[in-house]
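No lab work stands behind these numbers, since they all come straight from the coordinates. What you see is a predicted model; the values in this text were computed from it and never measured. Cβ coordinates were reconstructed from backbone atoms using ideal geometry, including for glycine residues, and neighbour counts include every protein chain displayed.
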Amino acid sequence: MRVLVRGGQYNGQARFETWLFTIARNLLIDLRRKRTMSSLDELFEGGTDEDRPMAFEIADDDPTPFDHLSNMEDRSRIATALLEVDTLHREVLVLRFHEELSLEEIAKVTRAPLSTVKSRLYRGMAMIKPKLERLQGEAQE
């Protein structure tokens, strides 16, 4: 409804989607301002989450101890498997997945043709897969 009422204010300097998003954002801000709390006790009043004026949740982006240990074990397995792969293939795998270089960038770094980089990457992945599966199986035993 606000778009229809304020349609004459659109000047065409910005994209229409941006203008529309701004209207929606401002409406949301206005709504949140109207729903102010008078005390912290209101956070805990009401039977369900819908009855509470505001959800109270502490955000924690840190990995859990389990995630941390699991990542360390994965890194160890990958490092062990990489050491068992030929150096030409290992170099391309490390540049691609650890350094996150594009195939073209890897070709420049290694001074190899792009087709050679692609084949080394494909063969390196084929070599490391059974090694990782073997190490995973040993870890589960």
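Calculate the length of the line joining the C-alpha centroid of the stretch 78-96 to that of the stretch 104-141, in whole Å.
Using only Cα atoms to place each centre, the spacing works out to 6 Å.
Need the full-extension length gain, Thr18 to His68, defined as separation in residues times 0.36 nm minus the C-alpha distance. One decimal, nm. Don't skip to the answer; put the middle values down first.
On the way: separation 50, 0.36 × 50 = 18.00 nm, distance 4.04 nm.
That pair, Thr18 and His68, stretches by 14.0 nm at full extension.
Expected output is a single nm value to one decimal: the length gained when fully extending between Thr87 and Glu105, i.e. 0.36 nm times separation in residues minus the C-alpha distance. What is it?
Numbers: separation 18, 0.36 × 18 = 6.48 nm, distance 1.82 nm.
Fully extending the segment from Thr87 to Glu105 adds 4.7 nm.
Could you list Glu91, Glu100 so that the one with the fewest beta carbons within 10 Å of its beta carbon is first and the one with the most is last? The partial results should precede the final answer.
Details: Glu91 18, Glu100 8.
With the fewest neighbours first, Glu91, Glu100 line up as Glu100, Glu91.
Order by neighbour count: Ile78, Ile106, fewest other Cβ atoms within 10 Å first, most last. Display every interim value, and only then the final one.
Working: Ile78 17, Ile106 23.
Neighbour counts put them in this order, fewest first: Ile78, Ile106.
Ranked by Cβ crowding within 10 angstrom, fewest neighbours first, how are Asp61, Asp30, Asp74 ordered?
Numbers: Asp61 4, Asp30 9, Asp74 14.
Going from sparsest to densest Cβ surroundings: Asp61, Asp30, Asp74.
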